[in-house]
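Notes for the one structure printed next.
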Amino acid sequence: MRVKSFRGSIREQRRWPGGMPAYGFEAYKGEDGVAYLRQNPRQVNVIREIVNRLLAEDTPETPAEIADELNSRKEPTPRGTRPSKRITDSGREYKWTAAGIRKMLKSEALLGWKMESRPVLGKKYYESVPVIDKTGKKIRMAEPIFTDEEWERLQAHLSERSFLVSSPTNATPFLDVILCGYCKGKMRMHVSRRETKNGRKEYPKFRCVSPRLVGGRTRYGCEDQVSWDPGRLLVALEHRFLEEFGDTEAEERIYVVGEDHETRMREIEQFVPVIMADMEPGRRYGTALMRPRAEKMLDKLNAEYEALSKAPTGDRWEYRSLGKTWRQHWKTARLPELEKLMRKNGVQFLCYPESFELFIPERLKV
């Protein structure tokens, strides 16, 4: 009750009420003997590094790749800066995760705002939101790590890279692009459900659905079938494709109905002898004044005939430029449009238990 009363009394003040500060900040005691927050230089550098790697124009990285690299160099996690005795005694370590990085970068605490926990309606968990004072303004406790422009750009990037996992009633994303690496069969979205005391929970995953006979009964999934978490699989697809072809001009395959040039070529074949006959003395183009006109006409017909003889005939597939790179198209196109474009270009993403293989048609490799 005393702690609750104390926190309530300083709720709209810049004072730090105690506890563990958000990653990137640390508590310190001011000249008046009261606790405040300030930036932690080491942690701010780590946050800046993560954001720079996410937003890199040439070779942007995914949160999962950054998390793996931070773990490999033993960089302390936000919770690992103050580990619990139970975790320490057990010998376990706190690990960076893609979800943890995204959650950290979406928190407005990075802007220096004072935050508080608020229950989510209809749920048994809480969300962290900025404290609003009586005048309707947020309370800033420390210097923000990002400017408003940097924050907006970061949030836009995180929103663009958030794939919504579809339910069984919706189509599987990239159905003809993401395939099983063993049988080259389709990987479909499967959602298993489990009833818990807190309600029904869903566990989505991509898995191979190639049919096979086992004991006279049809089973789905090849013998070496693999399953993947949707979020990590889709982010891996995006990163691998854009890393190799992000700056390549995007093209769309279209079906072109062939044109018949034979009629026009026969007409030219008939015109040329007539014009040449008219160039004889006493004929229409037989004078010095008219002969240059006839020669110019023959040159024009000859050029047209050569062009028509080299022009493709018959129905065919052609590739039309979209006027932007794959990276630009990825940022602006809707998921169904992007999926259709990759499918038409013959792109395939093969999945194995611990790796991926990006198959690209030879035409795109040129």
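Bear in mind that the values in this text are calculations on the coordinates, not laboratory data. What you see is a predicted model; the values in this text were computed from it and never measured. Glycine gets a Cβ as well: all are built from the backbone with ideal geometry, and neighbour counts include every protein chain shown.
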Inter-part gap, Cα centre of the range 81-159 to Cα centre of the range 171-189, in whole angstrom, is 36 Å
May I ask you to derive the FRET efficiency for Met297 and Lys331 from their Cβ-Cβ distance with R0 = 51 Å, giving the value to the nearest 0.05?
0.45
Counting Lys and Arg as +1 and Asp and Glu as -1, each charge on the Cβ, what is the dipole of the range 2-160 about the Cα centre in debye, to the nearest 20?
1260 debye
If you put +1 on each Lys and Arg Cβ and -1 on each Asp and Glu Cβ, how big is the dipole of the chain around its Cα centre, in Debye rounded to 20?
2800 debye
Label-point separation in nm, Ser159 to Ile275, each point 7 Å along Cα→Cβ:
6.2 nm
Tell me, what HN-Hα J-couplings in whole Hz come from the Karplus equation 6.51 cos²θ - 1.76 cosθ + 1.60 at θ = phi - 60° for each residue of the range 266-282, using x for Gly and Pro?
5, 4, 5, 4, 7, 6, 4, x, 5, 5, 5, 5, 6, 8, 6, x, x
Expected sort for 61-70, 215-224, 183-192, 40-49 on mean C-beta neighbours within 10 Å, highest first, is 61-70, 183-192, 40-49, 215-224
Label point distance in nm, Glu354-Val120, each placed 7 Å from Cα along Cα→Cβ
3.4 nm
Using the number of other C-beta atoms within 10 angstrom as an exposure proxy, rank Thr172, Thr332 with the fewest first.
Thr332, Thr172
If you take percent of Cα pairs over 30 Å apart from the coordinates, which of (i) 41; (ii) 61; (iii) 36 do you get?
(ii)
Could you list Lys331, Lys123, Lys134 in order of exposure, starting from the residue whose Cβ has the fewest other Cβ atoms within 10 Å?
Lys134, Lys123, Lys331
Taking other Cβ within 10 Å of each residue's Cβ, how do Met290, Met104, Met141 sort, fewest first?
Met290, Met104, Met141
Net charge of neighbours whose Cβ lies under 12 Å from the Cβ of Pro204, counting Lys and Arg as +1 and Asp and Glu as -1
+4
For the pair Lys29 and Lys134, the simple spin-label estimate (label points 7 Å beyond Cα toward Cβ) gives in nm 3.1 nm
